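**Q** Can you read through this structure? Questions will come right after.
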């Protein structure tokens, strides 16, 4: 037997398909992250999995790989219109991203068709595409998926297509529930066969998530993945390569500080979080006027059709500023974001963690800075206790060149 490195994909108890390994090599992932090495063997042994994992921990591959492996091992090959796996995720941006990761693998397996069903597109076209190409693996947001079960009159009988379902994945389950998708998910679960594998991934374990685990999973194995080298009792929730700063400044200085900061870092890539769609519109225009020679883009939940396009465009930029609301805060993978700036601290502490998690992803460094008013200074201590996040002060004279 050849020597197998611990933590490598080859070290899994169930060998992966050679072309799955090939795709992992192409993507440049020689080793598994903790969430992958914990959940993949369970999935492959036909267990239901409820995993708590920090953002940026490599969850997508932790379910994409088992889905492919389970479908490849099916005794009866899937017909075009039979659905073998469904991945449900809260936002379009996340769905686009998962679809993209999946396509890196499915291009090696032309026998599998995949389809993306998200809001902001024409549902009639979604129906037609499924009728023509099928969808063995569906990546969807809950509202659109639920809608598709009601399209029988248009010639799509999704209820019978999903009878062959092997795997259901609920990604960012806490956020699915926060965003009010509980009813949609329950409706969808009614249509799905009970004999299936279910994986649920969540950054936080709330009572609502627990209820969903009980409703949708059978005897689940619970996995909680903390980053290595951090004692379980004090497990931090933000990535360990993230540098976290705060700046306390008066209300009338805050915007000037942000402008100053962005002007001095025009070569870098920034996400700037505001609390409302209106703020994004207003401050986005203000920054365009004040920070010259930098590509500035805006994205928020009320933009229905442009969001996908803007998001894809920003991902490709070498440097630039994306002004956004929390629609962008979770699970979104934007290559090489240098700074996550929070103009307003978020209303709940877990949102802070998710916003910060947009940088320092998969082994890259990154930094985050939150602007606080003098009366908000207690937030620093609160985050240290509540989310185990330690922040350093950033000089308010902003003379600190880093």
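**Q** Are any residues in segment 105-122 in a helix (DSSP H, G or I) and free of Cβ contacts under 8 Å to residues at least 40 places away in the same chain, and if so, which ones? Break it down into steps so the answer makes sense when it comes.
**A** To start, the set of residues in segment 105-122 that are in a helix (DSSP H, G or I) comprises 105-106.
Within segment 105-122, 106 is the sole residue that qualifies.
**Q** Find the helices (runs of 4 or more DSSP H) located wholly in segment 1-104 whose residues include 1 or more that are at pLDDT below 90 and in contact with a strand residue (DSSP E or B) (Cβ under 9 Å, 6 or more places away or on another chain), and list them.
**A** It comes to 34-44, 59-72.
**Q** Out of all the residues in segment 36-53, which are in contact (Cβ under 8 Å) with a residue 60 or more places away in the chain and crowded, with 23+ Cβ neighbours inside 10 Å?
**A** Taking segment 36-53 and keeping what is in contact (Cβ under 8 Å) with a residue 60 or more places away in the chain, we get 38-39, 42-43, 46-53.
39, 43, 49, 50, 51, 53 - these are the residues of segment 36-53 that are in contact (Cβ under 8 Å) with a residue 60 or more places away in the chain and crowded, with 23+ Cβ neighbours inside 10 Å.
**Q** For segment 140-157, how many residues are more than 19 Å from the chain's Cα centre (by Cα) and in contact (Cβ under 8 Å) with a residue 12 or more places away in the chain? Step through it out loud before you land on a result.
**A** Quick first cut of segment 140-157, residues more than 19 Å from the chain's Cα centre (by Cα) only: 146-157.
Of the ones still in play, those that are also in contact (Cβ under 8 Å) with a residue 12 or more places away in the chain are 146-149, 151, 154-156.
Of the residues in segment 140-157, 8 are more than 19 Å from the chain's Cα centre (by Cα) and in contact (Cβ under 8 Å) with a residue 12 or more places away in the chain.
**Q** Also: Among the candidates 24, 61, single out the residue that is within 30 Å of residue 206 (Cβ to Cβ) and either touching a residue at least 12 places away in the same chain (Cβ under 8 Å) or crowded, with 18+ Cβ neighbours inside 10 Å (or both). Give the derivation first.
**A** Working: 24 fails: within 30 Å of residue 206 (Cβ to Cβ).
Sole residue among the options that is within 30 Å of residue 206 (Cβ to Cβ) and either touching a residue at least 12 places away in the same chain (Cβ under 8 Å) or crowded, with 18+ Cβ neighbours inside 10 Å (or both): 61.
**Q** Quick one: which of 140, 159, 153, 173 is in the same structural domain as residue 78 (by TED's automatic domain parsing) and under 20 Å from residue 76 (Cβ atoms)? First the steps, then the outcome.
**A** Numbers: 140 fails: under 20 Å from residue 76 (Cβ atoms); 153 fails: under 20 Å from residue 76 (Cβ atoms); 173 fails: under 20 Å from residue 76 (Cβ atoms).
Every option except 159 fails the conditions.
**Q** Suppose we keep only residues that are assigned to a strand (DSSP E or B) and within 21 Å of the chain's Cα centre (by Cα) within segment 209-226. Which one would you say is surrounded by the most Cβ atoms within 10 Å (Cβ to Cβ)?
**A** Initial filter on segment 209-226 (assigned to a strand (DSSP E or B)): 221-225.
Filter once more, so that each one left must be within 21 Å of the chain's Cα centre (by Cα): 222-225.
Details: 222: 13, 223: 19, 224: 13, 225: 22.
So, considering only residues that are assigned to a strand (DSSP E or B) and within 21 Å of the chain's Cα centre (by Cα), the one surrounded by the most Cβ atoms within 10 Å (Cβ to Cβ) is 225.
The rows are residues; the columns are (1) in contact (Cβ under 8 Å) with a residue 24 or more places away in the chain; (2) in contact with a helix residue (DSSP H, G or I) (Cβ under 7 Å, 6 or more places away or on another chain).
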site	(1), (2)
165	yes, no
176	yes, yes
180	no, no
187	yes, yes
195	no, no
219	yes, no
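**Q** While we're looking at this one, here's another question. Mind checking whether some residue in segment 137-146 is in a loop (DSSP other than H, G, I, E, B), touching a strand residue (DSSP E or B) at 6+ places or on another chain (Cβ under 9 Å) and surrounded by 14 or more Cβ atoms within 10 Å (Cβ to Cβ)? Walk me through it before giving the result.
**A** As a first pass, look at segment 137-146 and keep what is in a loop (DSSP other than H, G, I, E, B): 141.
If we keep only those that are touching a strand residue (DSSP E or B) at 6+ places or on another chain (Cβ under 9 Å) too, we end up with 141.
Next cut, surrounded by 14 or more Cβ atoms within 10 Å (Cβ to Cβ) only: 141.
Yes, that holds for at least one residue.
Residue by residue, here is whether (1) part of a helix (DSSP H, G or I); (2) touching a residue at least 40 places away in the same chain (Cβ under 8 Å); (3) within 28 Å of residue 206 (Cβ to Cβ) holds:
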site: 124; (1), (2), (3): yes, no, no
site: 128; (1), (2), (3): yes, no, no
site: 159; (1), (2), (3): yes, no, no
site: 162; (1), (2), (3): yes, yes, yes
site: 183; (1), (2), (3): yes, no, yes
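The values are calculated or read from the model by the stated rules, or taken from the named source; none is laboratory data. Because the structure is predicted, anything quoted here is derived from the model rather than measured. Backbone-built Cβ (ideal geometry, glycine too); neighbour counts: all protein chains shown.
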